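For reference, the structure discussed in these notes is given below.
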Amino acid sequence: MGVKLYYTTVTASREVKSQQAEVMRILESKNIQFELIDISVGGDIRNEMRTKSGNPNAAPPQIFNEDQYCGDYEMFSEAVEEDTVEKFLKIA
């Protein structure tokens with residue numbers, strides 16, 4: 001599967017929960033299949049997300065196409081506003 005969404009099921013942050021839900025809702029509304037990867041199951045997965053994104057402090061949601069980094073919530077949101085989601089996800 002191409003698009004991967006790194007997210008967490010364990011967060012006290014309403015902002016993170018809201019951002020994750022919005023990304024999922026938009027992907028589903030565009031019929032874009034994606035794989036959910038929960039970083040709360042282990043530090044190795046969180047470290048993998050941070051390494052792949054090139055940001056040692058990266059927080060979910062982080063979006064990839066396979067191992068290619070697409071961006072974070074802010075970048076995704078910008079792509080939605082500009083109607084360039086498929087290009088952002090590297091599937092266009």
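The values are calculated or read from the model by the stated rules, or taken from the named source; none is laboratory data. These numbers come from a predicted model, not from an experiment. For neighbour counting, all protein chains shown are included, and Cβ atoms are generated from backbone atoms with ideal geometry for every residue, glycine included. To get the accessible areas, we keep the full protein, side chains included, count just its heavy atoms, and leave off ligands, DNA and RNA. Shrake-Rupley method; radii C 1.70, N 1.55, O 1.52, S 1.80 Å.
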Sequence order, the range 73-78: Karplus ³J(HN,Hα) from phi using 6.51 cos²θ - 1.76 cosθ + 1.60, θ = phi - 60°, Hz rounded, Gly and Pro as x, gives 4, 4, 5, 5, 4, 5
Could you point to the residue in ALA79, LEU27, LEU5 farthest towards the positive end of the chain's charge dipole, with +1 and -1 charges on the Cβ of Lys/Arg and Asp/Glu respectively? LEU5
Gain upon complete extension [VAL41, ASP67; 0.36 nm per residue less C-alpha separation]: 7.4 nm
In the chain, what % of DSSP beta bridges are antiparallel (nearest 5)? 60
Residue-ordered couplings for the range 10-19, obtained by feeding phi - 60° into the Karplus form 6.51 cos²θ - 1.76 cosθ + 1.60 and rounding to whole Hz (Gly and Pro as x), are 10, 8, 8, 8, 5, 4, 4, 4, 5, 4
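Roughly speaking, to the nearest percent, how much of the range 3-89's 1.4 Å accessible area is carbon and sulfur?
The nonpolar share, carbon plus sulfur, comes to 43 percent.
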The set of residues whose placed amide H lies less than 5 Å from the amide H of GLY71, leaving out same-chain residues fewer than 5 positions away, is ILE63
Averaging sequence separations of C-alpha pairs under 8 Å and six or more residues apart, then dividing by the length of the chain, give the relative contact order as a whole percent. 33
Estimated inter-spin distance, VAL10 and GLN33, nm [label 7 Å along Cα→Cβ]: 3.0
For the range 3-89, what is the largest minus smallest coordinate of the Cα atoms on each principal axis, given in angstrom and ordered from greatest to least? 34, 26, 20
